Each structure stands twice: as C-alpha cells, then as structure tokens.
1. With loop defined by DSSP as not H, G, I, E or B, and exposure as at most 10 other Cβ atoms within 10 Å, which is the longest segment of the chain clear of exposed trypsin sites (Lys or Arg not before Pro)?
2. To test your reading of the geometry: what angle, between 0 and 90 degrees and rounded to tens, separates the Cα axis of helix 219-230 from the longest principal axis of the chain?
3. With every protein chain kept in place and ligands, DNA and RNA left out, what is the accessible area per residue of the chain? Probe 1.4 Å, answer in Å².
4. Would you mind checking the tilt of helix 157-172 against the longest principal axis of the Cα atoms of the chain, expressed as 0 to 90 degrees and rounded to 10?
5. Between the helical axis of 111-120 and the dominant principal axis of the chain, each derived from Cα atoms, what acute angle in degrees is found, rounded to the nearest 10?
6. Give me the Kirkwood hydrodynamic radius of the chain, using the inverse of the mean 1/r over all pairs of distinct Cα atoms, in Å to one decimal.
7. Please state, to two decimals, what the Cα-based radius of gyration of segment 25-74 comes to when divided by 2.2 N^0.38 Å (N = residues).
8. For segment 1-119, just the Cα atoms, rotate onto the principal axes and tell me the three extents in Å, largest first.
Amino acid sequence: MGSAEQAVPVAAGLPSRVLVDSAGLGWDGVRVRELADPPVADFVLAPVDSLTVLLVTAGSYVVESGAGSRRRHALVSPGTSAVNAPRQEVRARWRSDLREPFRSVHLVLPAASLAATRDALPRHMRRADPDYLGRDDPFVRETVLELGRAARLGLPALHAGTLAQSITSYLLLADDREDGGNGGGLGARALSAVVDAMHERIAEQITLADLAAVAHLSRHHFLRQFTASTRTTPMRYLTSLRMRRARELLRDDTLAVQVVADRCGYPNPTHFASVFRREHGVTPSKFRLSTG
C-alpha cells in the first residue's frame with residue numbers, strides 16, 4: 001500500500017494537448033493519458049521502454065505510420081485502437097480539414113510488465129509484443145475507456161492495476177487477427193478524401209457513385225478497395241457516421257427529430273427512425289429521453 005509510484009516511460013514529442021494524466025495518482029506500472037489531438041500532425045517519437053495502446057475517442061481520419069516499405073495507413077474513428085510496441089521508433093502523420101474535435105486515450109505499460117506477464121503464460125500461447133494500426137477490438141476499447149474514466153475520477157490503483165493486467169494478458173495471448181492496414185485497399189490520400197467528403201456532405205443524398213468519383217475509381221473497384229482498407233463497405237461506414245452525428249444532435253432537445261433526420265441525410269423521418277432503432281435498439285425519441 002505504501003510503495004512509491006513507479007514511473008512509466010512515455011515518449012516525448014506528441015503534438016497533442018494533455019487533458020488528463022494518471023501520473024500522481026499512485027498507479028504503479030500503468031499510466032493513462034487523455035489527449036486532444038490536432039487535425040494535422042507529422043511527427044517522430046524516439047523508442048521508449050514501454051508499450052502504448054492508443055484508442056481514438058473522437059474524430060475520423062486516415063493515419064499513416066512507418067516509413068519506406070513498412071509504411072501503412074488505416075482509417076480510424078471512435079473505437080479504433082492501435083498499439084506501438086516497446087523500443088521502436090514511431091513515425092506517424094495525419095491530416096483532416098474537418099472542424100471536429102480529435103480525442104484519444106493512451107494506455108502506457110512498461111516493457112518489464114509485458115515480460116513478466118509473458119513469462120506467466122503457457123509457452124504455446126505466447127506471442128511477440130503486439131504492434132498494429134487500426135483495429136476494432138471491443139475488449140481493448142472497453143478496457144481503455146474504463147481506464148480513461150478511472151484516470152478522470154482518480155480511482156484507486158487496485159482498479160487501474162487489475163484492468164492493466166487484464167489487457168496486458170489479452171494482448172500477449174497468441175492470436176491470428178490482422179490489423180486494419182491498407183492491404184491492397186485505397187491509398188491514404190484517396191481514403192482521406194473520401195472520408196472528408198462523407199463528413200462534409202453528410203446531410204446530402206450521397207451515392208456509391210459519388211464517393212467513387214472522389215477516389216477517381218469505378219464503383220466496383222472503389223467498393224472493393226474501400227472495403228479492403230476499412231473492413232466495411234462505404235455505405236455502411238457512411239451510416240455509422242450519420243448515426244454518430246444523430247446521437248450528438250439528439251442531445252440538443254431544442255431540435256425536432258425531423259430536423260435531426262434532415263441534418264443526417266434522412267429526408268424521411270420514418271426511415272431515419274428505422275435505421276436508428278436498428279443501430280441502437282431504441283427510437284430517436286427514446287434515446288433522447290434516456291440522455292436528457
């Protein structure tokens with residue numbers, strides 16, 4: 001109980017503003033920071049003796065990481081995670097012209113903790129230190145979100161330590177999941193342009209042909225390449241953006257549901273209510289009541 005807090009190495013040079021930092025809470029062997037990220041960034045971080053799990057909590061943009069033949073890119077949005085392995089240089093850049101907040105939560109774990117956890121796992125289940133860009137993993141998402149909440153509220157070290165140990169074991173267990181890298185999909189610039197167009201025209205009746213034109217591809221090739229890059233179809237991704245926008249607008253009880261529907265690209269309020277209920281399990285009106 002009375003042991004001193006162990007410092008966790010954190011890479012310097014991130015172009016982000018720290019909103020919350022668990023340093024000083026007495027959490028041993030784990031550090032959590034909530035950051036406000038800029039819409040444009042291009043940076044290099046020196047290697048540190050720790051692993052970082054990054055979870056995007058606000059904003060959608062295309063991130064490029066690595067250099068040369070190892071360069072990769074992925075479309076990230078709220079719920080997308082990335083992992084930077086210990087002792088590796090990090091090169092990353094992104095750009096978005098959208099006027100929306102960009103937020104992320106960073107969980108930092110010392111390499112020594114990873115090594116100790118790996119040694120405790122059955123040999124046939126161990127894996128190398130994870131390193132990926134752009135993955136939608138519900139366990140990672142919920143665990144990092146809870147650690148972010150714990151940091152904001154100043155919850156006890158036992159709570160944070162239990163969560164950190166759980167996600168460390170999870171990341172080190174052998175599995176064959178692939179990350180969301182480009183893998184034959186759209187190039188970073190084309191993907192970014194398409195996502196920006198979705199945001200900018202979210203209230204319009206956008207078609208697959210419209211989005212394919214942004215990428216200068218036929219509808220067939222655009223559909224295949226966008227899906228390869230994001231693991232979802234263009235129209236499905238557009239629907240997710242519209243539903244996220246709808247949730248934000250419904251929290252403003254001065255806006256009629258019809259107005260919210262129009263602003264999210266649904267001129268027919270019945271269709272809007274049907275899509276919203278399919279996505280969230282409740283009607284827009286009931287969602288508004290639950291968040292009021």
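1. 178-292
2. 30 degrees
3. 50 Å²
4. 80 degrees
5. Once rounded, the angle reads 80 degrees.
6. For the chain, inverting the mean 1/r across all distinct Cα pairs yields 20.6 Å.
7. Numbers: Rg = 13.8 Å, N = 50, 2.2 N^0.38 = 9.7 Å.
Against the compact-globule rule of thumb, the ratio is 1.42.
8. 49, 32, 23
The values are calculated or read from the model by the stated rules, or taken from the named source; none is laboratory data. What you see is a predicted model; the values in this text were computed from it and never measured. Cβ atoms come from the backbone with ideal geometry, glycine included; neighbour counts cover every protein chain shown. Calculation scope for accessible area: heavy atoms of the full protein, side chains included, ligands and nucleic acids excluded. Shrake-Rupley method; radii C 1.70, N 1.55, O 1.52, S 1.80 Å.
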